[in-house]
Amino acid sequence: NAGVTQTPKFQVLKTGQSMTLQCAQDMNHEYMSWYRQDPGMGLRLIHYSVGAGITDQGEVPNGYNVSRSTTEDFPLRLLSAAPSQTSVYFCASRRAEAGNTIYFGEGSWLTVV
Amino acid sequence: ELKVEQNPLFLSMQEGKNYTIYCNYSTTSDRLYWYRQDPGKSLESLFVLLSNGAVKQEGRLMASLDTKARLSTLHITAAVHDLSATYFCAGRSGGYNKLIFGAGTRLAVHP
């Protein structure tokens, strides 16, 4: 059971470039989300999804797009990378039932130069 | 809007000592999460507290929730070096799992 898998683990982008961070889970979880973590801070929610075809914005959605075409996958797209998007990105998932543990991926380290 | 504050942000402990990390939150949160993060690693779920008065224990860690005071605590008993990590609490804002995290408590346990 692979859990929550994120790729790539490390990426360097130039300002203005676009890219997609991939997230896949094999636990049949309904809920998936993306967070970013900046140095010395907790995680902040970017976007989330409660099921295939349903997404919504979190605290810091600007500059990011998401889609959820399948239960398993929840990619995060950076439309035009900016240095302010240099961060560590975590994907998370859980079952819909109350009280279920939220599982986090290993993280994707992104640097925008 | 839910805000979550942890204190202290940094904690240096001697092995064998006890200490408590505090997590205050500003508005109603129907559950409270505690996570551990090692440097360069992902978050590991420690506890999910669902109701007022909930207490959960795992090894040397014990978490509690007081929804009336909007306070959760993570108590460390007889600290050992392996507990060195950053600990985060998070409340839930609205439905789903829109977690709002505290800034984290960086714990260092030394001999």
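Any read-out appearing in this document is the output of simple, stated calculations on the displayed coordinates, not a laboratory observation. It should be emphasised that the depicted structure is a prediction, and the values quoted were computed from it without experimental measurement. Neighbour counts run over all protein chains shown; Cβ positions are idealised from the backbone, glycine included.
Structure notes:
- Sites matching trypsin sites (Lys or Arg not before Pro) across the range B:42-111 that sit in DSSP coil, with at most 16 neighbouring C-beta atoms within 10 Å: B:60, B:68
- Dipole moment magnitude, nearest 20 debye, the range B:1-64 about Cα centre, only Lys, Arg, Asp, Glu C-beta charged: 100 debye
- Within the straight-line cut-off of under 21 Å between alpha carbons, the lysines reachable from residue B:41 are A:9, sequence neighbours fewer than 8 places apart in one chain being disregarded.
- Set against the 2.2 N^0.38 Å expectation for a compact globular protein, the range B:45-111 has a Cα radius of gyration ratio of 1.20.
- For the range A:65-81, backbone phi angles converted through the Karplus equation (6.51, -1.76, 1.60; θ = phi - 60°) give residue-by-residue couplings of 10, 9, 8, 9, 8, 10, 5, 7, 10, 8, x, 10, 9, 9, 6, 8, 4 Hz, Gly and Pro being listed as x.
- Within the straight-line cut-off of under 20 Å between alpha carbons, the lysines reachable from residue B:98 are B:3, sequence neighbours fewer than 8 places apart in one chain being disregarded.
- Partners of residue B:68 within straight-line reach, counting aspartates and glutamates whose Cα lies under 12 Å from its Cα and excluding those fewer than 8 residues away in the same chain: B:30.
- Antiparallel DSSP beta bridges within chain B, as percent of all bridges there, nearest 5: 90 percent
- Figure legend: label point modelled 7 angstrom from the Cα of residue A:22 along Cα→Cβ; residues of the range A:72-113 with amide N under 12 Å from it are A:73-76.
- Spatial separation of Cα centroids for the range A:77-113 and the range A:15-55, in angstrom: 4 Å
- Counted residue by residue at 0.36 nm each, then reduced by the alpha carbon distance between them, the extension gain from residue B:41 to residue B:28 reaches 1.7 nm.
- Measure of compaction for the range A:1-59 (Cα Rg per 2.2 N^0.38 Å): 1.28
- For chain B: relative contact order, % (alpha-carbon pairs under 8 angstrom, 6 or more apart): 37 percent
- Of the GluC sites (Glu not before Pro) found in the range B:1-89, the ones in coil according to DSSP and having at most 11 other Cβ atoms within 10 Å of their Cβ are B:1.
- Modelled spin labels at residue A:65 and residue B:57, positioned 7 Å past Cα toward Cβ, are 5.3 nm from each other.
- FRET efficiency estimate (nearest 0.05) - Cβ-Cβ, residue B:5 to residue A:73, R0 22 angstrom: 0.05
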